[in-house]
Amino acid sequence: MTTRIAVVVGNPSPKSRTRQVAEDLATKIAEVTGSEIDETIELAEVTDEIFEWKSDRLDKLTERLATADYAVIATPTYKASYTGLLKAFLDRYDAGGLHGLTAIPVFTIGSPAHTLAVETTLRPLLVELGASVPTRGLAFPTAKFDDRANVLDDWVESQKTYLVKR
């Protein structure tokens with residue numbers, strides 16, 4: 001049975017560096033796990049519907065995330081936390097709504113002062129929603145964007161044993 005990786009990008013700007021980091025990380029995780037990568041959920045594309053609780057489009061997106069095996073949940077750092085756009089999307093789930101999902105939280109950060117934000121803000125939210133978060137979160141420094149292959153390789157290598165489901 002093939003496993004599936006969902007990629008959710010909470011950057012309000014489409015086609016962002018955050019998206020590129022998330023998709024590149026998903027590719028590297030797929031190499032380790034043998035998973036297929038689902039089409040990226042780019043939340044910048046649904047800003048007009050994010051607060052409409054009856055939205056077929058958002059219902060399909062939340063279903064895609066909830067039924068994935070792995071998820072890369074990525075956001076730029078805003079005020080030492082995740083974006084309101086990502087929060088509004090994740091608010092669509094009940095507590096436990098992501099049970100069975102292995103989530104990898106990712107922040108793109110502009111300052112080393114925000115390194116722990118991924119652990120202290122997004123990880124607890126994902127756990128509250130029932131996701132398993134066995135790896136450390138990735139705080140990706142945007143200054144290293146052009147060297148992202150090496151940064152991501154190092155992160156995957158250090159977390160590999162936590163990524164493979166038994």
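Look through T27, T67, T47 and report the one residue that is open to solvent by 20 Å² or more (accessible area, probe 1.4 Å) and closer than 20 Å to G96 by Cα. First the steps, then the outcome.
Numbers: T27 fails: closer than 20 Å to G96 by Cα; T47 fails: closer than 20 Å to G96 by Cα.
Within the list T27, T67, T47, the selection yields T67.
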Report summary line: Only one of K144, K79, K60 is within 21 Å of T3 (Cβ to Cβ), among the charged types (D, E, K, R) and more than 16 Å from the chain's Cα centre (by Cα), namely K60
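Condition check ((1) more than 14 Å from A74 (Cβ to Cβ); (2) modelled with pLDDT of 95 or more; (3) outside any helix (DSSP H, G or I)) across all residues:
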position: A95; (1), (2), (3): yes, no, yes
position: H99; (1), (2), (3): yes, yes, yes
position: A113; (1), (2), (3): yes, no, no
position: E119; (1), (2), (3): yes, yes, no
position: L122; (1), (2), (3): no, yes, no
position: D146; (1), (2), (3): yes, yes, no
position: K165; (1), (2), (3): yes, no, yes
Query raised in the report: If you check S55 against the conditions, is it small (G, A, S) and within 16 Å of F140 (Cβ to Cβ)?
Result: no
Report task. Would you please name the residue that is nearest to G130 (Cα to Cα), looking only at residues in segment 70-87 that are free of Cβ contacts under 8 Å to residues at least 24 places away in the same chain and surrounded by fewer than 16 Cβ atoms within 10 Å (Cβ to Cβ)? Result -> G84
Requested in this report: Could you look through segment 120-160, keep only residues that are free of Cβ contacts under 8 Å to residues at least 24 places away in the same chain and under 17 Å from T27 (Cα atoms), and pick out the one that is most open to solvent (accessible area, probe 1.4 Å)?
Outcome: D146
Report task. Select from segment 88-107 the residues that are touching a residue at least 60 places away in the same chain (Cβ under 8 Å) and open to solvent by 10 Å² or more (accessible area, probe 1.4 Å) and list them in ascending order. Result -> T102
Query raised in the report: Within segment 82-94, is even one residue closer than 17 Å to L43 by Cβ, under 14 Å from the mean Cα position of the chain (by Cα) and among the β-branched types (V, I, T)?
Result: yes
Requested in this report: Tally the residues that are hydrophobic (A, V, I, L, M, F, W, C), touching a strand residue (DSSP E or B) at 6+ places or on another chain (Cβ under 9 Å) and closer than 22 Å to S13 by Cα, restricting the search to segment 66-103.
Outcome: 8
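Name the single residue, out of those in segment 1-24 being part of a helix (DSSP H, G or I) and touching a Lys or Arg at 6+ places or on another chain (Cβ under 9 Å), that is most open to solvent (accessible area, probe 1.4 Å).
Within segment 1-24, the first condition is being part of a helix (DSSP H, G or I), and the residues that meet it are 17-24.
Checking the rest, the ones that are also touching a Lys or Arg at 6+ places or on another chain (Cβ under 9 Å) come to 17, 20-21, 24.
Numbers: R17: 129, Q20: 65, V21: 1, D24: 38 Å².
The extreme case among them is R17.
The values are calculated or read from the model by the stated rules, or taken from the named source; none is laboratory data. These numbers were taken from a predicted model, which means no experiment stands behind them. So basically every Cβ, Gly included, is an ideal-geometry build from the backbone, and we count neighbours across all protein chains shown. Protein only, heavy atoms only, side chains kept; ligands, DNA and RNA dropped before computing areas. Shrake-Rupley method; radii C 1.70, N 1.55, O 1.52, S 1.80 Å.
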